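These notes are about the structure you will find just below.
Taken together, the values in this text are just the output of simple stated rules run on the coordinates, not laboratory data. Since the structure is predicted, the reported quantities are computational estimates derived from the model, not experimental observations. Glycine also receives a Cβ, built like all others from the backbone with ideal geometry; neighbour counts cover every protein chain displayed.
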């Protein structure tokens with residue numbers, strides 16, 4: 001479960017940033033998780049909750065923003081895919097299945113931190 005290591009890294013980032021602003025406690029951590037990031041959002045949330053339990057950050061919320069997979073076909077058409085990260089769809093314009101460029105959906109980043 002690599003989500004535990006990812007949650008720890010995100011918590012470390014948040015803790016460092018809070019310290020820069022003289023805050024002691026994390027209240028909200030918002031992360032962007034792309035459809036092709038390889039992260040299972042439910043596992044990330046479970047790992048985060050487990051890590052903050054019994055610490056000064058207990059009760060902090062993890063807000064996960066799911067970024068859909070957005071592709072660009074070789075014909076130039078841009079489209080979103082929602083049939084899973086390992087089942088790339090045909091282009092709705094030309095029908096091509098291969099050669100799409102990923103425009104969005106690989107993200108995994110801390111987007112927002114709130115503390116007190």
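Below are the figures for this structure:
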{"read-out": "Peptides 26-33, 100-107, 43-50 ordered by average Cβ neighbours within 10 Å, highest first", "value": "26-33, 43-50, 100-107"}
{"read-out": "Net length gained if the chain between residue 114 and residue 97 were fully extended (0.36 nm per residue, minus Cα distance)", "value": "1.9 nm"}
{"read-out": "Gap separating the Cα centres of region 64-116 and region 1-51, nearest whole Å", "value": "22 Å"}
{"read-out": "Residue-span extension gain [residue 66 to residue 87] - 0.36 nm each, minus C-alpha spacing", "value": "5.8 nm"}
{"read-out": "Nearest 10 degrees, 0 to 90: helix 41-52 Cα axis against the chain principal axis", "value": "10 degrees"}
{"read-out": "Among beta bridges that DSSP assigns inside region 3-115, antiparallel share in %, nearest 5", "value": "65 percent"}
{"read-out": "Packing-based ranking, highest mean first, of 35-41, 12-18 given that Cβ atoms within 10 Å are counted", "value": "35-41, 12-18"}
{"read-out": "In Å, descending, principal axis extents of the Cα set of the chain", "value": "54, 27, 16"}
{"read-out": "Computed over region 3-115: relative contact order in percent, which uses C-alpha pairs under 8 Å that are six or more apart", "value": "36 percent"}
{"read-out": "Value at 222 nm in deg cm²/dmol, rounded to 500, when DSSP H runs of n ≥ 4 in the chain each add -39,500 (n - 2.57)", "value": "-8500 deg cm²/dmol"}
